[in-house]
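The values are calculated or read from the model by the stated rules, or taken from the named source; none is laboratory data. It should be emphasised that the depicted structure is a prediction, and the values quoted were computed from it without experimental measurement. Every residue, glycine among them, receives a Cβ derived from its backbone with ideal geometry; neighbour counts consider all protein chains shown.
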Amino acid sequence: MQTMLGIIGGSGVYQIDGLEGAAWVKVPTPWGKPSDEILVGRLHGLPVAFLPRHGRGHVHDPATVPYRANIDALKRIGCTDLLAVSAVGSLREDFAPGDFVIVDQYIDRTSQRPMSFFGSGCVAHVSLADPTCPRLGAAAAEAARLQGLTVHRGATYLSMEGPQFSTRAESRMYRTWGADVIGMTGLSEARLAREAELCYASVAMVTDYDCWHDSHGAVDVAQVIAVVHANADAARGLVAHLPGLLAADRAPCPHGCDRALQNAIMTAPDKRDPALLARLDAVAGRVL
């Protein structure tokens, strides 16, 4: 299998520079329309697909992003690896605005998101003990270093519902829980990527100190956007370095991300809902 890198761009990252043969393509899915068309091309010889999470012009809020359609579309188009770029608040003094963080764990505080491709008629349980791919995360960290960025490898991401930012009480509580950064989209993607047997890594761009920091004040959208715009070129540079760190020929993931469904489906074959199976053709076709 050939490696194909999928990039999910967050706030401020709506395009990828330097793609050869770049073209926007529509990818229909049985889960509805993705956030936008997908920009496909080649970067340093590697096939790359880029999807703006919120759509060009930022039309989807964190709760209305069509997460299932996005992951399905990227899998359907041939992606084997997904790198998500997102803006986050920091819950640690040493994770400063402008820093980049490689996330490897999550705490869920969302309530309105689709949590699975599976359900009544085809039940499946995948492991999320380690929700991101260490191999891809290490490559992302190296790409950040090559770009000259301050990067922290290993962090717990508190995934909140939003669209409002935290109260001070919440922000202080999340710090006592051991969370390092806070955002609104990460775990929704990580869950679905695991079910789709895709290696997934998350690069978080720190924009602020949330509101726990006594000298920082309340989170302000204008401040967040200013830091996002300042870091956008750095984020695109990180992405540009990544294809050169991935092998063109895709070997099996040493951590089993691409085999997550191997023993996960619980529903007996004769009890499976044909309509749901049809929707799972790209996500779970390997095992179904």
Give the residues of the stretch 95-117 that are farther than 30 Å from D273 by Cβ and either surrounded by 14 or more Cβ atoms within 10 Å (Cβ to Cβ) or of a type outside the set (A, V, I, L, M, F, W, C) (or both), sorted by residue number.
-> F95, P97, G98, D99, F100, V101, I102, V103, D104, Q105, I107, R109
Count - residues of the stretch 1-23 that are modelled with pLDDT of 95 or more, out of contact with any Gly (no Cβ under 8 Å at 6 or more places or on another chain) and of a type in the set (A, V, I, L, M, F, W, C) = 3
Take the residues in the stretch 181-201 that are part of a loop (DSSP other than H, G, I, E, B) and either polar (S, T, N, Q) or over 19 Å from M1 (Cβ atoms) (or both), then tell me which one is farthest from the chain's Cα centre (by Cα).
-> M184
What residue, of G78, G121, is under 30 Å from K271 (Cα atoms) and touching a helix residue (DSSP H, G or I) at 6+ places or on another chain (Cβ under 7 Å)?
-> G121
Among what's in the stretch 142-172 and is touching a residue at least 60 places away in the same chain (Cβ under 8 Å) and not in a loop (DSSP other than H, G, I, E, B), pick the residue that is nearest to V103 (Cα to Cα).
-> Y157
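Matching residues to (1) among the hydrophobic types (A, V, I, L, M, F, W, C); (2) surrounded by fewer than 14 Cβ atoms within 10 Å (Cβ to Cβ); (3) within 20 Å of F95 (Cα to Cα):
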{"position": "G119", "(1), (2), (3)": "no, yes, no"}
{"position": "V123", "(1), (2), (3)": "yes, no, no"}
{"position": "V126", "(1), (2), (3)": "yes, no, no"}
{"position": "A138", "(1), (2), (3)": "yes, no, yes"}
{"position": "A141", "(1), (2), (3)": "yes, no, yes"}
{"position": "T150", "(1), (2), (3)": "no, no, yes"}
{"position": "Y157", "(1), (2), (3)": "no, no, yes"}
{"position": "S166", "(1), (2), (3)": "no, no, yes"}
Listed residues F100, F95; which is touching a Phe, Trp or Tyr at 6+ places or on another chain (Cβ under 9 Å), of a type outside the set (D, E, K, R) and modelled with pLDDT of 95 or more?
-> F95
Pair list, Cβ under 8 Å, 6 or more apart: the stretch 243-271 residue closer than 25 Å to F118 by Cα, other residue at pLDDT 95 or above and among the hydroxyl-bearing types (S, T, Y) = C257/Y200; D258/T80; A260/S127
Every residue from the stretch 215-242 that is at pLDDT 75 or above and more than 21 Å from V101 (Cβ to Cβ) | none
